[in-house]
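The block underneath contains the structure these notes are about, expressed in structure tokens.
The values are calculated or read from the model by the stated rules, or taken from the named source; none is laboratory data. Predicted model, so just to flag it, every value in this text is computed and none were measured. Positions of Cβ are generated from backbone atoms using ideal geometry, with glycine treated the same way; all protein chains shown enter the neighbour counts.
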Amino acid sequence: MSEIEDYGVTVEEYLFVLAAGIDILELRSLEARGIPTNLAS
């Protein structure tokens, strides 16, 4: 079973950024693993 992580993103923020074509949860996940987000795009 997968563990649920809290990246401190509200539903409104997620949907707003997702509309711009960015998956903020994936970016936060990469940041949590130590991967700079400027290298993720």
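Brief remarks follow.
- Test: residue in region 5-13 that is in a helix (DSSP H, G or I), modelled with pLDDT of 85 or more, surrounded by 10 or more Cβ atoms within 10 Å (Cβ to Cβ) and more than 10 Å from the chain's Cα centre (by Cα): yes
- The residue pairs whose first member lies in region 16-36 and is under 17 Å from Glu5 (Cα atoms), whose second member is among the aliphatic types (A, V, I, L, M), and whose beta carbons are closer than 6 Å, counting only pairs six or more residues apart or on different chains, are Ile24/Val9; Ile24/Val17; Leu30/Ala40.
- Single condition Ser29 does not satisfy, out of (1) of a type in the set (S, T, N, Q); (2) assigned to a helix (DSSP H, G or I); (3) surrounded by fewer than 12 Cβ atoms within 10 Å (Cβ to Cβ): (3)
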